[in-house]
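Novice: Have a look at the structure that comes next, please.
The numbers here are math on the coordinates, done by the rules we state, and not lab data. For clarity, every value in this text was computed on a predicted model and none was experimentally measured. Note that we place each Cβ from the backbone using ideal geometry, even for glycine, and neighbour counts take in every protein chain shown.
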Amino acid sequence: MNLFAHFGDAVAAALDELIARGEMPAGLDRSRVVVEAPRDAAHGDVTTNAALVLAKQAGAKPRDLAEKLVALLSQNADIEAMTIAGPGFINMTLSATFWPKVLASALRDGEVYGHSTIGGGERVNVEYVSANPTGPLHVGHCRGAIFGDALAMLLRVTGFDVTTEYYINDAGAQMDILARSAYLRYRQALGEDIGEVPEGLYPGDYLVPVGEALASEHGRTFIGEPEDVWLQPVREKTSQMMLDLIRDDLASLNISQEVFSSERALHGEDGGKVAKTLAELRGRGLVYEGRLEPPKSLSAEERADWEDREQTLFRSSEHGDDTDRPLVKSDGSYTYFASDVAYALDKYERGFKQMVYVLGADHSGYVKRLEAVMHAVSGGDARAVVKLCQLVKLYRGGEPVRMSKRAGNFVTLRDVVDEVGSDVVRFMMLYRKNEAPLEFDFQKVTEQSRDNPVFYVQYAHARICSVLRNACEELGQEGLADPDYFKNADFSLLGDQAELDVIRRIAAYPKALEAAAQSFEPHRIAFYLYDLSSDFHALWNRGKESPQLRFILQDQMQLSHARLAFLHVIRYVLGNGLRILGVKPVEEM
């Protein structure tokens, strides 16, 4: 049961009744009508702006319309009291008989409680990580990978048809640099003393196994040969091994993307998909020959060096971008942006209507251009959503963490996962809005305290599992571990304020999922789980202070069963939310 959808239907029915009575005209635009939680809990459980946003269309005063709605809604047995606030908001306090219905519904739904169909099966492509395959993933990639993976799961449980994708940036000059770096390690594997890795090449030890593999496969075939002989086979082998390394790094976070698309494959023979895309878009008037003004950000010296030439451009400024974008370089090769255009059209032709790009904060300049490209190539039928992930700073006890020898110049994703585990990394990377910088302290994230969110949430789940195990032993009823045992539990027996706080939080879960999905913000689920855990721990502590509030009361079996069923519901919600974040709910700590 979605609390707000439930009372949204009640408000809609009241509006329909006013129309049927002729007290309000038909055909009003209700798109701005919302039913949500009040900003101040003291104002009630639910509020609606229906009277406020419809009054002008209805030719009525907001408070007059609100009074008519209140008169009709007062007949609803689930509403105990109502007040009209400010210019016409209707605040509702729900009756004590409503909350047991929420728990009964959640118990029936079990592990899918809160899941929604608001996505309507719309196809969404979520692209994340998409790093150059030139080495292991670093901690910055880690944050984007976790964010993208959790967002994909969040969208799936709210009714979207999601495909996860990795765009392999394997067409640039960096791939030749990688091949030359691997060739150096190949010579090393054959016994040559290579000394210090020259500046401009990749220095990390992760290329040592690549050199050994090349030596095993080709022997001394490439020694002494010119670059044009060995560059392509070395590049292909190295690229394949780097991609395997990246897949393995992602697997350590339980991430497995469904599609891997190659930028290099877009070019193919005679320009491949890129050439065909530009030809098609030229026919649609989106590609033209013209000149660009130098960017305003250039210095006077840079402006003097600006190359004013006629070139092939994309009309992105007509679709929200700051300027039109070049598609072909002066040497005749395609720009990186040309690949972006071809790739956007490729996604649209595969049937996606929303394309989510998860990028690092250093790609903020790409936001408008990606949005403009998708709008242009789809004719406004699809949209790009760009989510930027800010930097991650690593600390140990407040001191910055040094770089990884394996990577050569950064801390790898695998370094972090191997030290504290996938679950800790995933939760902590999501316990902060993606656009906010994140400080990750290895010491703090492993502390067993309320100040460590991942421990606090996992401990709540483990505590519940412990109580349920103990109940089976203490009451001698093995069936207590099975939620189906409690299908007739009398939740009306739960009336303590601490219990009601938890119930209200559980009732808000479906709305929390929908709001997080609609805003593309999985961190909201991490925040919600912490708040629910806080409410549960408060309830636990109340039971320590007042024996009557304990979960198991030998002389009050009906109440004990209601509380144990309640625990199953809390466990469902905690487990459900953790799985959306990609974190395994633990049963013991």
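Novice: Residue 587 to residue 177: extension gain in nm, 0.36 nm per residue of separation minus the Cα-Cα distance?
Specialist: Working: separation 410, 0.36 × 410 = 147.60 nm, distance 4.84 nm.
This chain segment gains 142.8 nm when fully extended.
Novice: With θ taken as phi - 60° and the coefficients 6.51, -1.76 and 1.60, list the Karplus ³J(HN,Hα) couplings across the stretch 169-178 in order, rounded to whole Hz; mark glycine and proline as x.
Specialist: Each residue of the stretch 169-178 in turn: 7, 10, 10, x, 5, 5, 6, 5, 5, 4 Hz.
Novice: Each residue of the stretch 146-157 in turn: what ³J(HN,Hα) in whole Hz from Karplus with 6.51, -1.76, 1.60 and θ = phi - 60°, glycine and Pro shown as x?
Specialist: Per-residue couplings from phi come out as 5, 4, x, 5, 5, 4, 4, 5, 4, 5, 5, 6 Hz.
Novice: Still on this model: For the residue pair residue 223 and residue 477, what label-to-label distance in nm results when each label sits 7 Å from Cα along the Cα-to-beta-carbon direction?
Specialist: The two pseudo-label positions are separated by 7.8 nm.
Novice: Among 299, 442, 54, pick out the residue whose Cα is farthest towards the positive end of the charge dipole of the chain, where Lys and Arg carry +1 and Asp and Glu carry -1 on C-beta, about the Cα centre.
Specialist: Farthest towards the positive end: 54.
Novice: Among 5, 24, 83, which residue has its Cα furthest toward the positive end of the charge dipole of the stretch 3-95, with +1 on Lys/Arg Cβ and -1 on Asp/Glu Cβ?
Specialist: In the stretch 3-95, that residue is 24.
Novice: Determine the relative contact order of the stretch 3-95: mean sequence separation of Cα pairs under 8 Å and six or more apart, normalised by residue count, in whole percent.
Specialist: The normalised contact order for the stretch 3-95 reaches 26 percent.
Novice: Using the Karplus curve 6.51 cos²θ - 1.76 cosθ + 1.60 with θ = phi - 60°, what ³J(HN,Hα) values do you get for each residue of the stretch 477-490, in whole Hz, with x for Gly and Pro?
Specialist: 10, 4, x, 5, 7, 9, x, 5, 4, 9, 4, 10, 4, 9
Novice: When every alpha-carbon pair in the chain is counted, what percent end up more than 34 Å apart? Let's see the in-between values first.
Specialist: Numbers: 96618 of 173166 pairs.
Pairs farther apart than 34 Å: 56 percent.
Novice: Here is a follow-up. Amide H neighbours of residue 262 under 5 Å, counting only residues 5+ apart in sequence or on other chains, H built in-plane at 1.01 Å?
Specialist: Long-range HN contacts for residue 262: 168.
Novice: Further question: I'd like the FRET efficiency for residue 363 and residue 30, computed as 1/(1 + (r/R0)^6) with the beta carbon distance as r and R0 of 56 Å, rounded to 0.05. Could the numbers behind the result be given before it?
Specialist: Numbers: r = 39 Å, r/R0 = 0.69.
It comes out at approximately 0.90.
Novice: Here's a follow-up. About the Cα centre of the stretch 3-95, how large is the charge dipole given +1 on each Lys and Arg Cβ and -1 on each Asp and Glu Cβ? Please answer in debye to the nearest 20. Walk me through the numbers before you get to the answer.
Specialist: Working: 8 positive and 12 negative charges, 78 e Å.
Approximately 380 debye in magnitude.
Novice: When N counts the residues of the stretch 414-481, how does its alpha-carbon radius of gyration compare numerically with 2.2 N^0.38 Å, as a ratio?
Specialist: Cα-based Rg divided by the globular estimate yields 1.50.
Novice: Still on this structure: Quick one: which residues, 5 or more positions from residue 385 or on another chain, have an amide H under 5 Å from its amide H? H modelled 1.01 Å from N in the peptide plane, none for Pro or chain starts.
Specialist: 355, 356, 357
Novice: Nearest 0.05, what FRET efficiency do residue 23 and residue 108 give at R0 = 30 Å with Cβ-Cβ as r? Walk me through the numbers before you get to the answer.
Specialist: Working: r = 38 Å, r/R0 = 1.27.
Here the calculated transfer efficiency is 0.20.
Novice: Is there a quick way to get the dipole size of the chain? I mean about its Cα centre, with the Cβ of Lys and Arg at +1 and of Asp and Glu at -1; what is the value in debye to the nearest 20?
Specialist: Charge dipole, the chain, about its Cα centre: 1160 debye, nearest 20.
Novice: Separate question: Remind me, relative contact order of the chain in percent, using alpha carbon pairs under 8 angstrom and six or more residues apart?
Specialist: Relative contact order here is 16 percent.
Novice: Give, in nm to one decimal, the length gained when the segment between residue 16 and residue 264 is fully stretched (0.36 nm per residue of separation minus the Cα-Cα distance).
Specialist: Full extension of this stretch gives 83.5 nm more.
Novice: Hey, can you grab everything whose amide H is under 5 Å from the amide H of residue 432? Only 5+ residues off in sequence or another chain; H modelled, so Pro and N-termini drop out.
Specialist: Residues meeting the criterion, in which the H sits 1.01 Å from N, do not exist here.
Novice: Here is a follow-up. Between residue 399 and residue 436, how many nm apart are label points set 7 Å from Cα along the C-beta direction?
Specialist: Here the answer is 2.8 nm between the modelled labels.
Novice: At 0.36 nm per residue, and after removing the present C-alpha to C-alpha distance, how many nm does the segment from residue 346 to residue 194 gain when stretched out fully? Before the final figure, lay out the partial values.
Specialist: Numbers: separation 152, 0.36 × 152 = 54.72 nm, distance 4.36 nm.
Result: 50.4 nm gained on full extension.
Novice: Work from the charge dipole of the chain (Cβ charges, +1 for Lys and Arg, -1 for Asp and Glu, about the Cα centre) and give the residue of 455, 44, 182 farthest towards its positive end.
Specialist: 44
Novice: With +1 on each Lys and Arg Cβ and -1 on each Asp and Glu Cβ, how big is the dipole of the stretch 443-589 about its Cα centre, in debye rounded to the nearest 20? Each step should come with its number before you reach the end.
Specialist: Values: 16 positive and 19 negative charges, 75 e Å.
I would put it at about 360 debye.
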